[in-house]
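Enquirer: Before I ask anything, let me first share the structure, which is written out below as C-alpha cells.
Nothing in this text is a laboratory measurement; each read-out follows from the coordinates by a stated rule. The shown structure was predicted, so the numbers you read here are calculated from the model rather than taken from an experiment. Here the Cβ positions follow ideal geometry from the backbone for every residue, glycine too, while neighbour counts run over all protein chains shown.
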2 protein chains.
Amino acid sequence: MTELAEYLATCSQRVESFFDRNLPSKDQAPTTLHGAIRYSAMNGGKRIRPALVYATAETLGIELSEIDCIAGSIELMHSYSLIHDDLPAMDDDDLRRGKPTCHRAYDEATAILAGDAMQALAFSVLTDHSIPGPEPALRSQLTNQLAHAVGSLGMAGGQAMDLAAVDKDISIQALEYIHRQKTGCLIRACIDMTQTCCTTLNQQQRSSLLQFSEHLGIAFQIRDDILDVISDTDTLGKPQGSDSDQNKPTYVSILGLEESERRCDTFYKQALDCLDEFKPSSKWLRMLAEHIVCRQH
Amino acid sequence: MTELAEYLATCSQRVESFFDRNLPSKDQAPTTLHGAIRYSAMNGGKRIRPALVYATAETLGIELSEIDCIAGSIELMHSYSLIHDDLPAMDDDDLRRGKPTCHRAYDEATAILAGDAMQALAFSVLTDHSIPGPEPALRSQLTNQLAHAVGSLGMAGGQAMDLAAVDKDISIQALEYIHRQKTGCLIRACIDMTQTCCTTLNQQQRSSLLQFSEHLGIAFQIRDDILDVISDTDTLGKPQGSDSDQNKPTYVSILGLEESERRCDTFYKQALDCLDEFKPSSKWLRMLAEHIVCRQH
C-alpha cells in the first residue's frame, strides 16, 4: 500500500466509524428508510471529501476530532445527492460503485425520502452538541456554509443546469459554471468549512486556501469527464460512457481528450501554487490533489 | 373579516414578505429552478405554521422580527415536503391548493431539485447572519431542532411509514405514531424552536408548551383526515377523498367519523389546558388552536 492509499484508508475508516456511531440503526423504525440510508452512506465510496477535510485540518493544525462532524456532514450531503441524481427522473442510473443504486435496491419513494432524510441528518450531525466539534456559534456559521454549498446556487442548482444542458451545445465557460456549482461548491466547502474552525488564519491565507479549493474542484470534474471516456464500467463502478450516452456536454465532448487533460493539469498546478505558504503541513493536501488528477475511478 | 382571519392574513403577509426578501429571484440562474421554488413557496398556502410561530412569540413576549427566520425556515420545510409528497413515486397528486403540483407545472426532475434546494434554503435562512434573528449559538440549536423535526425520525420518516401503511390494516396507535412524525414533529418545532429563543422560561413552562404542541399536532392531523372525507375538492384545493382512493389508513377509516371528531375535540381541549399558565398572552395561540380543529380546508 502506498503512503497515500494508507492515508485514504484511515480517512475512510474515520468517517465510516463516525457514520456508524451517528446514523440511525437499521433496526430502528422506519427500518426500510434507515436501511436505505445506511446502504447509501456505507457503500464503499472513495471518501475524497472527508479526506480533503482531514487533510485541510492537518494543514492548519486542527484536531481531527473537532472536524469529524464536518467530514461526516459533507459526505452525507454527497451521498444524498448521488441517490437523487441516480433517480429515473434525473440521470436514471442502475449502478453506483458497482452496486444497484438506491432506487433499484429499494424503490423510488424510499430513495427520494432517504435522500431527503440524509440532507437533514447532515445538518443534524453538524449541530448536535453531543457530537464533539466547534463551539455553537461556529457551528451556525458552518451550517450556513454547507447550506449555501448544496442549495440552488450550489450543488442542487448545478444539477438542474446539468440536466438542462442535455442535448444542447454550450460553451466551455457555461460548462465550467455548471460544474463549479454541481461539484465545485461541495469540494470548496471541505476546505472552507474546515478553515472556519481555525481562527488564527489571516485574510491572505484564507484566500489562498479558497483558491486552492476552486482550482481543485475544476480539476476534479475534468478528471471525472475524462474517466467517463477512458475508463471501463468495472473500474468506475458505474456505466462507462454514461455522459455521452445521455448526450451531456462534458469537457471532453467540448474540448477533446488531449486539451481536457492539459487543462486538468493546469488547474492542478495552479491549485498546488496556492499551498506554497502552507509547507510542509500541507503534505496530505498536495498528495490528495495529485491523486484527484491521476485517479482511475 | 373576523379578528382571527385578520391575524392569519398578517402572519401570511409577514412570511411572504420574508420569502420575497430572502428567496432567490426568478431571474437568477438557474431560472427554472428558482421559478419552481417561488411557485411552490408563494402559492397561497394557509401559513398555519408561521402563524403558530408568531403566536408563540406573542405568548412569550418575543419580538417578531427575531423569529421571522424561524417562521420562514419552517414554512420552507413544509413547502418542500409537499413538493416531494406530491411526486408520482409518492402520493402522485396533480393538484395542490387548486393549482398544478410542482412536477405538473414544471417536471419531475425540477420538482425533486426544487424540494432539495428548499430544504437547504430553510437551513440557510435560519443561520444567515445578515438576516435578523437570535444570536449564532442559539441558531445552531435551532438548526438542530429543525433538522431533527424533518429527518428520518421526524417528517421524512413519517412519510416513509405513511407510504408503507397503504393497503395495510394498522392500529390506531400505529397511525398516531405515523402522524406524530409526519405532521406532528414540524408543528411541534413551531412552538419548540420559538421557545428556544426565550431564555427566561422555567422547565415547567417549557414542558407545558411542548405538550400543547403535541396535542395540537394530533388534533391537526385528525382534522385533516376528517376534511378529506367531508369537504370537497374546490374547498380543499386538492382532490377530496384522495386518502381513501389511495387506500391509506386514516383516523376516519379506523375510528369512523364520529369518534374521530370526538378525539379531535379531546386533543384540542387538552391542548388548551396546557396554556392555562400563559393567560392572557396566549390569546392568539388559543384562537389558532380553535381554528385548526374547526377549519374547512
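Enquirer: Return the tail of the calculated pair distribution for region B:162-297, meaning the percent of Cα-Cα pairs more than 19 Å apart.
Expert: Looking at region B:162-297, the distances longer than 19 Å represent 52 percent of pairs.
Enquirer: Further question on the same structure: Using the crude model of +1 on Lys and Arg Cβ and -1 on Asp and Glu Cβ, and no other charge, please compute the dipole size for the protein assembly as shown relative to its Cα centre, in debye to 20.
Expert: For this selection, approximately 1060 debye.
Enquirer: Mind listing the label-point distances from B:Ser242 to the same position on all other copies, shortest first, one decimal in nm, points 7 Å along Cα→Cβ?
Expert: The projected label point of B:Ser242 is separated from its counterparts by 3.1 nm.
Enquirer: Now a separate question. Once label points are set 7 Å from the Cα along Cα→Cβ at both B:Arg97 and A:Ser281, what is their separation, rounded to one decimal in nm?
Expert: That separation, rounded to one decimal, is 5.0 nm.
Enquirer: Let me ask you something else. At 10 °C and a viscosity of 1.306 mPa s, what translational diffusion coefficient does Stokes-Einstein give for the protein assembly as shown, taking Rh as the Kirkwood radius over Cα pairs? Give it in µm²/s as a whole number.
Expert: Translational D for this selection: 64 µm²/s.
Enquirer: How large is the direction-averaged shadow of the alpha-carbon convex hull of region B:82-166, in nm²?
Expert: With the hull built on Cα positions only, its mean projection is 6.7 nm².
Enquirer: Provide a whole-number value for the mean count of partner chain Cβ atoms within 10 Å of the Cβ atoms in peptide A:106-113.
Expert: Shielding by partners across A:106-113 averages 6.
Enquirer: If you don't mind, another one. What residue among B:Asp276, B:Asp94, B:Asp225 has the largest mean-square fluctuation in a Gaussian network model of chain B, using Cα springs under 10 Å?
Expert: B:Asp276
Enquirer: Please list the non-local residues whose amide H lies under 5 Å from the amide H of B:Leu95, H modeled 1.01 Å from N, same-chain partners needing a gap of 5 or more.
Expert: Amide H neighbours of B:Leu95, under 5 Å, 5+ apart: B:Thr101.
Enquirer: Now, a different point. From Cα coordinates alone, what are the radius of gyration and Dmax values for region B:67-116 in angstrom?
Expert: Using the Cα atoms of region B:67-116, the pair Rg, Dmax is 11.4, 35 Å.
Enquirer: How far is B:Gln204 from itself in the other copies, in nm, if each label sits 7 Å out from Cα along the Cα-Cβ line, shortest first?
Expert: 6.2
Enquirer: Identify which of A:Val125, A:Val252, A:Val166 has the largest mean-square fluctuation in a Gaussian network model of chain A, with springs joining Cα atoms closer than 10 Å.
Expert: A:Val166
Enquirer: Restricting to Cα atoms and excluding each atom paired with itself, what does the Kirkwood estimate give for region A:1-71 in Å?
Expert: The answer is 13.1 Å.
Enquirer: With charges set only on the Cβ (+1 for Lys and Arg, -1 for Asp and Glu), what does the dipole of region B:3-294 come to about its Cα centre, in debye to the nearest 20?
Expert: About 580 debye.
Enquirer: Here's another thing I want to ask about it. Label A:Glu66 and A:Gln204 with points 7 Å out from Cα along Cα→Cβ: what is the distance between them in nm?
Expert: Distance between the two pseudo-spin positions: 2.3 nm.
Enquirer: At 7 angstrom along the Cα-to-beta-carbon line, where would the label on B:Lys283 sit relative to the other copies? Give the distances in nm, shortest first.
Expert: 7.0
Enquirer: Along each principal axis of its Cα atoms, how long is region A:3-294 end to end? Whole angstroms, biggest number first, please.
Expert: Projected onto its principal axes, the Cα set of region A:3-294 covers 50, 48, 35 Å.
Enquirer: Could you compute the FRET efficiency for A:Asp245 and B:Glu259, with r as their C-beta to C-beta distance and R0 at 56 Å, rounded to 0.05?
Expert: The value I calculate is 0.50.
Enquirer: Going by average Cβ neighbours within 10 Å, how do the peptides B:103-112, B:26-35 rank, with the highest at the top?
Expert: Descending packing order for the listed peptides: B:103-112, B:26-35.
Enquirer: Per-residue ellipticity at 222 nm for chain A, helices alone: DSSP H runs ≥ 4 residues times -39500 (n - 2.57), over residue total, nearest 500 deg cm²/dmol?
Expert: -22000 deg cm²/dmol
Enquirer: Right, something else. Given N residues in region B:96-216, what is Rg(Cα) / (2.2 N^0.38 Å)?
Expert: 1.26
Enquirer: Quote the Stokes-Einstein diffusion coefficient, in whole µm² s⁻¹, for region B:1-138, based on the Kirkwood radius over alpha carbon pairs, a temperature of 20 °C and a viscosity of 1.002 mPa s.
Expert: 138
Enquirer: Sticking with this one: Report the calculated FRET efficiency for A:Tyr177 and A:Glu135 (r = Cβ-Cβ distance, R0 = 45 Å), to the nearest 0.05.
Expert: So the FRET efficiency works out to roughly 0.80.
Enquirer: Pairs B:Lys168/B:Lys283; B:Lys46/B:Lys182; A:Lys99/A:Lys269; A:Lys168/B:Lys26: which are spaced more than 30 Å apart, C-alpha to C-alpha?
Expert: B:Lys168/B:Lys283; A:Lys99/A:Lys269
Enquirer: Still on this structure, please answer the following. With 10 angstrom as the radius, rank B:Arg21, A:Arg223 by how many other C-beta atoms surround their C-beta, starting from the fewest.
Expert: Going from sparsest to densest Cβ surroundings: B:Arg21, A:Arg223.
Enquirer: Given B:Leu255, B:Gly98, A:Tyr268, which one lies farthest toward the positive end of the charge dipole of the protein assembly as shown, if we put +1 on the Cβ of every Lys and Arg and -1 on the Cβ of every Asp and Glu?
Expert: The listed residue farthest towards the positive side: A:Tyr268.
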